[in-house]
Amino acid sequence: MQKELLNLIKTIGVVKNNAADRSAYEIENEHIGEAQVPDANGDCTHPYLIHSRNGSLCVLPGRIDIARHYLKTGGMEALREPYENMVSRLLSFGNYNFDLDKYPITRDLFRREDFLSLARKICPSDKQHLDPFQFNFIVQVPGQTVTVHVDAVYFWGATRFQFPQWLLAAMKFSGLFEDRFVHQVQVVGYIHEWDPLKDTERKGSFAYWGDHSSPIPAEVSCSPRAGTAVDGSKTVHGAKVYWPEKKLPIIPKDLSTRLRYRTEDDIWELLSKDKIVGEYNTDDLRIAVVYRAKCFTNEAEAKTYNSQFKLHNSPHNLNLEQVLGTFAEDLVAKGLVKDADYALNEMPRLDLALLLLDTYIKYPFPSQDPKNGIASMILPFNYCMAPKLAPESFAAVIVVFAKSYLFLLA
């Protein structure tokens, strides 16, 4: 089965940059109003914005919650690196599929009783009907990571087909929409042939925070044919940097990048636009297959959900104004904005988006792990990013560092 899955991704042949995951599906509201027009050169100059699906606007990436946390903190390893390196580590590659019957090998795997039994263990005891809806191939070249995140969250009336995934994550973290939350299961299996227990320098283990009271994640080796199962939409998880000692390719956020398989010599070409900027053997790559299913009480409930909420403009769906209005009222209650009208009608939408990210989405800081050393405990931010993300904050970072250093000397 492992070799068949590995051959399948080779047959697919092209694996796009994960920043382009929205090309696999249409989204009703690609942004919440923060969109900007590209500059004269067609570039998105703001460090957080990328081109929209059709390239006409600059918008927040669907997973800006993940990217921003990683850039600011340095990820699980508390890296202190400049913007270009951090972005390149983030921009791994994926093939996203919403038709689980498209390939016989995956169809048969996802119907096996031992596989289904593992998946059901993650669903609540009263939600044992599995409604599979997606599988992905996720690929990292040496130096890349899958940083801490929750998977795309689904609600009754709100999905990735209507809203940016970062907004759905904020909805889950906020607790304001729990009556609509849909439980899920994610099963991750590794199909590369190298073994991290033998090639220990490759690292790249799966990490998750199953015990929310602990700041230190549990880790599972990414051994071939091994797998893990979690509800990734409520369990924070990720992967450590894969093969961190290898040279990292620099991948600009505004260029289309992809991996393309070359059959004759088992090589994956890394293309930036149409230029080959790197080459990798299949054995150089960390490759996972990911299965995702929703958990329902029974088949009837699953059919109701799918009939009501898969279509755009369904009367059962939440609209963007309802979601932002709920957040605005909560921001007022928290004392973070003066009134809801200001938040919705006067505040620049990019500022509102960043306020939602800062207020609601709480991923763990790497400085909480003693393995990252005393330096990260003193200053839990990637200070190499300060001049790029917020030049005016660079002085503040220096002040924090100075105060922390003086405290240690006292």
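Checked against a 19 Å cut-off, the cross-linked pairs Lys127/Lys294; Lys72/Lys203; Lys10/Lys102; Lys72/Lys388; Lys253/Lys388; Lys234/Lys294 give Cα-Cα distances beyond that limit for Lys72/Lys203. Ordered by 1.4 Å accessible area with all protein chains kept, Val150, Val220 run largest first as Val220, Val150.
Per the helix-only calculation at 222 nm, which mean residue ellipticity applies to the chain, given -39500 (n - 2.57) for every DSSP H run of n ≥ 4 and division by its residues, nearest 500 deg cm²/dmol? Don't skip to the end; give the middle numbers.
On the way: 12 runs with 115 residues, N = 410.
The per-residue figure over the chain is -8000 deg cm²/dmol.
Across the alpha-carbon atoms of the chain, the computed radius of gyration and Dmax are 21.3, 66 angstrom.
How much area per residue is accessible in the stretch 140-234 when the probe is 1.4 Å and only protein heavy atoms are counted (Å²)? Can you show the working numbers first?
Numbers: 3030 Å² over 95 residues.
It amounts to 32 Å² per residue over the stretch 140-234.
For Val277, Val323, the ranking by accessible surface with the largest value first comes to Val277, Val323, using a 1.4 Å probe.
In plain terms, the C-alpha convex hull of the stretch 226-270 casts an average shadow of 6.0 nm² when viewed from every direction.
For the stretch 48-205, the percent of C-alpha pairs falling in each 10 Å distance bin, counted from 0 to the bin holding the largest distance, reads 8, 29, 37, 23, 3.
Expressed as a whole percent, the accessible area of the stretch 177-282 that falls on carbon and sulfur atoms is 49 (1.4 Å probe). Taking the alpha carbon gyration tensor of the stretch 234-307, multiplying each eigenvalue by 5 and rooting it gives semi-axes of 36, 17, 15 Å, largest first.
The values are calculated or read from the model by the stated rules, or taken from the named source; none is laboratory data. Keep in mind it's a predicted model, so treat the numbers as computed, not measured. All accessible areas refer to the heavy atoms of the entire protein, side chains included, with ligands and DNA or RNA removed. Shrake-Rupley method; radii C 1.70, N 1.55, O 1.52, S 1.80 Å.
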